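The values are calculated or read from the model by the stated rules, or taken from the named source; none is laboratory data. Keep in mind the model is a prediction, meaning the values are calculated, not measured. A quick note on method: Cβ atoms are made from the backbone with ideal geometry, for glycine too, and the neighbour counts reach across all protein chains shown.
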Amino acid sequence: MTHFENTKSKELRSGMGEGLVEAGKNNPDIVALSADVKGSVKMDGFAKEFPDRFIQCGIAEANMVGIAAGLSLCGKVPFIGGFAEFVTGRVYDQIRQVLCYSNKNVKICGSHAGISLGEDGATHQTMEDIALMKVLPNMTVLVPADFNQAKAATMAAADHVGPVYLRLGRSKMPCFLPENEKFEIGKAQILNEGKDVTLFACGHLVWEALQAAEQLEKEGISAEVINIHTIKPLDTDTIIASAKKTKAVVTCEEHLMNGGLGDSVAQTLALHCPTKQEYVAVDDRFGESGTPDEMLTKYHLRSADIVEKVHKVLSR
């Protein structure tokens, strides 16, 4: 079992903020737009560093998408930032018609995603955004696992040509992946090799999957942990190879069971390598108000829940 140190905790949205500044230094065509939440989505650093390349759009996400599309036609590389619920659901028509249909080079930074947004409640906790974004042709969907990877994913998104959705949480999470590690879009990370079961995870639940693997090792169960930081394009080769080896799979995500990582993995396995599978995800319900820790526990997204699903899939 590979041991991952939890030396500090940081917000993934802050990793995006730092990555955006670095990308802006490398590319003068990068611009940033915010829906009146530059501090919340950590675009304030970019606005301070490049005030002439930052646009405050106000609480008007649909208009912000249109402005970004126009800027992309002028050769700019726009990053738009807002709460994930509002920069996906509220403006879905604009994203579909204006960005994806014509393959505009615009990056959508969806902060405050998932149930761990906490006290803001169900209206702000989006757990369907991966489903909305991954079905759109031309859209790339990135779900980094910690601060360091969020920074690297932002810089990779800047270099990628075409629309990108970058999903980021609000709460602080352990930093366990290396600093300055290159982010390769579409290439999953094998964080721990195993032979009895595969844990495919994304976002905040990658850390929970690693904790589950440590507990399973104590029980004599060898778990392979794979970070699926890119939901689309999906690394089907890595998924198939691991499933063929372990013959049992548990998918782990802070998202609805319908339409998320689990569905993408299940579709891949059904087509190429039918495999026993269990899901750790939110089962067809909205969230509620509470602390991030309370939410993750109540909605069964903890390492203990992953261990329970491993036992279930291995007993089938």
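Some notes on this structure:
- Residue within segment 269-278 that is touching a strand residue (DSSP E or B) at 6+ places or on another chain (Cβ under 7 Å), crowded, with 17+ Cβ neighbours inside 10 Å and within 30 Å of LYS172 (Cα to Cα) present: yes
- Selection of first residues in segment 203-214 that are without any contact (Cβ under 8 Å) to a residue 40 or more places away in the chain and of second residues that are assigned to a loop (DSSP other than H, G, I, E, B) and of a type in the set (Gly, Ala, Ser), restricted to Cβ pairs under 8 Å at least 6 apart or on distinct chains, gives an empty result.
- Within segment 82-118, considering residues that are in contact with a Lys or Arg (Cβ under 7 Å, 6 or more places away or on another chain) and part of a strand (DSSP E or B), the one farthest from GLU11 (Cα to Cα): GLY110
- Assessment of segment 43-56 against the conditions (touching a Pro at 6+ places or on another chain (Cβ under 8 Å) and buried (at least 21 other Cβ atoms within 10 Å of the Cβ)) yields no matching residue.
To keep it simple, each residue is scored yes or no on (1) buried (at least 23 other Cβ atoms within 10 Å of the Cβ); (2) of a type outside the set (Gly, Ala, Ser).
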position: VAL106; (1), (2): yes, yes
position: SER111; (1), (2): yes, no
position: ASP120; (1), (2): no, yes
position: HIS124; (1), (2): no, yes
position: GLU128; (1), (2): no, yes
position: LEU132; (1), (2): no, yes
position: ASN148; (1), (2): no, yes
position: VAL164; (1), (2): yes, yes
position: GLY169; (1), (2): yes, no
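Matching residues to (1) of a type in the set (Lys, Arg); (2) free of Cβ contacts under 8 Å to residues at least 40 places away in the same chain; (3) in contact with a Cys (Cβ under 8 Å, 6 or more places away or on another chain):
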position	(1), (2), (3)
ASN105	no, no, no
ILE108	no, no, no
GLN149	no, no, no
MET155	no, no, no
ALA158	no, no, no
PRO163	no, no, yes
LYS172	yes, no, no
PHE176	no, no, no
ASN180	no, yes, no
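- Filter result for ALA188 (closer than 27 Å to ASN26 by Cβ, surrounded by fewer than 24 Cβ atoms within 10 Å (Cβ to Cβ) and touching a Ser or Thr at 6+ places or on another chain (Cβ under 7 Å)): yes
- Of all the numbered requirements in (1) assigned to a helix (DSSP H, G or I); (2) at positive phi; (3) among the small types (Gly, Ala, Ser), GLY66 misses one, and that requirement is (2).
- Check on VAL37, part of a loop (DSSP other than H, G, I, E, B), touching a residue at least 24 places away in the same chain (Cβ under 8 Å) and among the β-branched types (Val, Ile, Thr): yes
- Output for segment 230-266, where each listed residue is among the hydrophobic types (A, V, I, L, M, F, W, C), out of contact with any strand residue (DSSP E or B) (no Cβ under 6 Å at 6 or more places or on another chain), under 21 Å from LEU177 (Cα atoms) and assigned to a helix (DSSP H, G or I): ILE239
- Positions within segment 110-128 being under 21 Å from GLU18 (Cα atoms) and touching a residue at least 60 places away in the same chain (Cβ under 8 Å), in sequence order: SER111, HIS112, ALA113, LEU117
- Applying the criterion of being assigned to a loop (DSSP other than H, G, I, E, B) and basic (Lys, Arg) to the residues of segment 177-229, the residue that is nearest to GLU253 (Cα to Cα) is LYS187.
- Just one of the listed residues (ALA145, ALA157, ALA213) is modelled with pLDDT of 95 or more, closer than 26 Å to LYS309 by Cα, among the aliphatic types (A, V, I, L, M) and in the same structural domain as ASP29 (by TED's automatic domain parsing), namely ALA145.
- Taken over segment 269-298, residues that are within 30 Å of LYS244 (Cα to Cα) and among the aromatic types (Phe, Trp, Tyr) amount to 1.
- Test: residue in segment 163-172 that is of a type in the set (Lys, Arg), over 10 Å from the mean Cα position of the chain (by Cα) and part of a strand (DSSP E or B): yes
- Yes/no for LYS76 being among the basic types (Lys, Arg), within 21 Å of ASN138 (Cα to Cα) and at pLDDT 95 or above: yes
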